[in-house]
């Protein structure tokens, strides 16, 4: 295993290549990692917007997955340095630390275009695609030149891969994806910065100063650092409300998702057609195919969007069936048929979308150290499970969207939406 001095020396001295970043100022990379960044799979991230169609609402939100990945790497470095100074630091190896930093840098190389528009579609998870890509050329060779096993990097990113019982791999998995992880600390700050909103800003220096190691299980925070964790949760809630699930962003996202879903179901496209695409190639290559629903793909970059006409709060007991896409399709089909009967033109099925955002995860599993005893975060914070569930419920809304010229045919759209759901369910 590595000594603290050896690992600190590597991070502080070998990382000498600066990359300018508007959020973190200078991000310093190991020269061997800079060669990893130069590879086509990583450079492709520069052509995928971090927030997909959010730029339609917040014009500054054109930052990319590569911007974010470099930021995650930067925060991950700082986390390691802090953990090494914990009262009881875990016994880390230099090779393990390097694998973790590579995983932080590369965690999104398998990401789809248009951010999370493809979630819950019959596609491979992007973590699995990332694990495959880092073990293939050219990344596999560049990672070996960096001095790490590509398989270990893959295992940190994708927890479906057998970690071989290696404690360090389990630790790094929990750090990379947890309650107070480098991913959140970067994207909340970065997204807020580029959108020009204050909601996601974190006191990152303070948050990082409070974390301690929880053995090989991940991170813990002392009770004095509770506010840092609470700020992350509340910021995440506000960013979903104001940015990520803004009505226009949801409309554009739903249009992309509907088009891809129908294309996959009808066999017009295969999952493999979508892997390795960036935003522009997706619109150019998939959007140009002769399949009527793909008009939705072409419409989004032009801000030619369906019109949201009504929305209601999602009530699990009442609307739980709408979690299934087939149930939402029944509502859409009924509305489309009704509008077709009322309209002077033929109404196509993809001109009606019933949108229900996916459930949100507000992680509250970080241990809190109080008087030397580890306690559950949910037991000592205002963010109890009930409060967190209330956050999620208040954000999830069922929204009906139709082609703009069809909206006047609905009359009282809110009553229409409620009736359509009740009739279909």
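Remarks
- The residue 295 and residue 337 beta-carbon pair, evaluated with R₀ = 25 Å, returns a calculated FRET efficiency of approximately 0.80.
- Bridge type composition, the chain - antiparallel percent by DSSP, nearest 5: 90 percent
- Relative to the compact-globule estimate of 2.2 N^0.38 Å, the Cα radius of gyration of the stretch 4-148 comes out at 1.11.
- A convex hull fitted to the Cα coordinates of the stretch 356-425 yields 120 cubic angstrom per residue.
- For the stretch 58-110, alpha-carbon Rg over 2.2 N^0.38 Å: 1.41
- Degrees between helix 385-395 axis and first principal axis of the chain (Cα, 0 to 90, nearest 10): 40 degrees
- For the peptides 105-118, 280-293, 354-367, the ranking by packing is 105-118, 354-367, 280-293, with the highest mean count of neighbouring Cβ atoms within 10 Å listed first.
- Contact order relative to length of the stretch 117-209, as percent, for alpha carbon pairs under 8 angstrom and 6 or more apart: 15 percent
- The spacing between the stretch 244-293 and the stretch 8-32, judged by their C-alpha centroids, is 37 Å.
- Mean sequence separation of contacting Cα pairs (under 8 Å, at least six apart), scaled by the length of the stretch 163-203, corresponds to a relative contact order of 22 percent.
- Across every direction, the projection of the convex hull enclosing the Cα atoms of the stretch 223-274 has a mean area of 5.5 nm².
- Cα Rg over Rh - the chain, Kirkwood: 1.00
- When the convex hull of its Cα atoms is viewed from all sides, the stretch 20-92 shows a mean projected area of 6.6 nm².
- Per residue, the average separation of C-alpha pairs within less than 8 Å and at least 6 apart gives the chain a relative contact order of 15 percent.
- Angle of helix 65-84 to the longest C-alpha principal axis of the chain, folded into 0 to 90 degrees and rounded to 10: 40°.
- Pairwise FRET efficiency - residue 304 versus residue 371, Cβ, R0 = 35 Å, nearest 0.05: 0.05
- Cα centroid separation, the stretch 77-150 to the stretch 339-383: 26 Å.
- Estimated D of the stretch 144-289 in µm² per second, where Rh is the Kirkwood radius over Cα pairs and Stokes-Einstein applies at 37 °C, 0.692 mPa s: 177 µm²/s
- Rg/Rh, computed from the Cα trace of the stretch 86-221 with Rh as the Kirkwood radius, has the value 0.99.
- For the peptides 189-195, 320-326, residues were scored by their other Cβ atoms within 10 Å and the scores averaged per peptide; the highest-first order is 189-195, 320-326.
- Principal-axis tilt of helix 226-239 within the chain, Cα atoms, nearest 10 degrees: 30 degrees
- Share of alpha-carbon pairs per 5 Å distance bin for the stretch 247-333, given as whole %: 3, 12, 20, 24, 18, 13, 8, 3, 0
A short reminder: the numbers here are calculations on the coordinates, not readings from a lab. This is a predicted model, so every value here is computed, not measured. Virtual Cβ from ideal backbone geometry, glycine too; neighbours counted across all protein chains shown.
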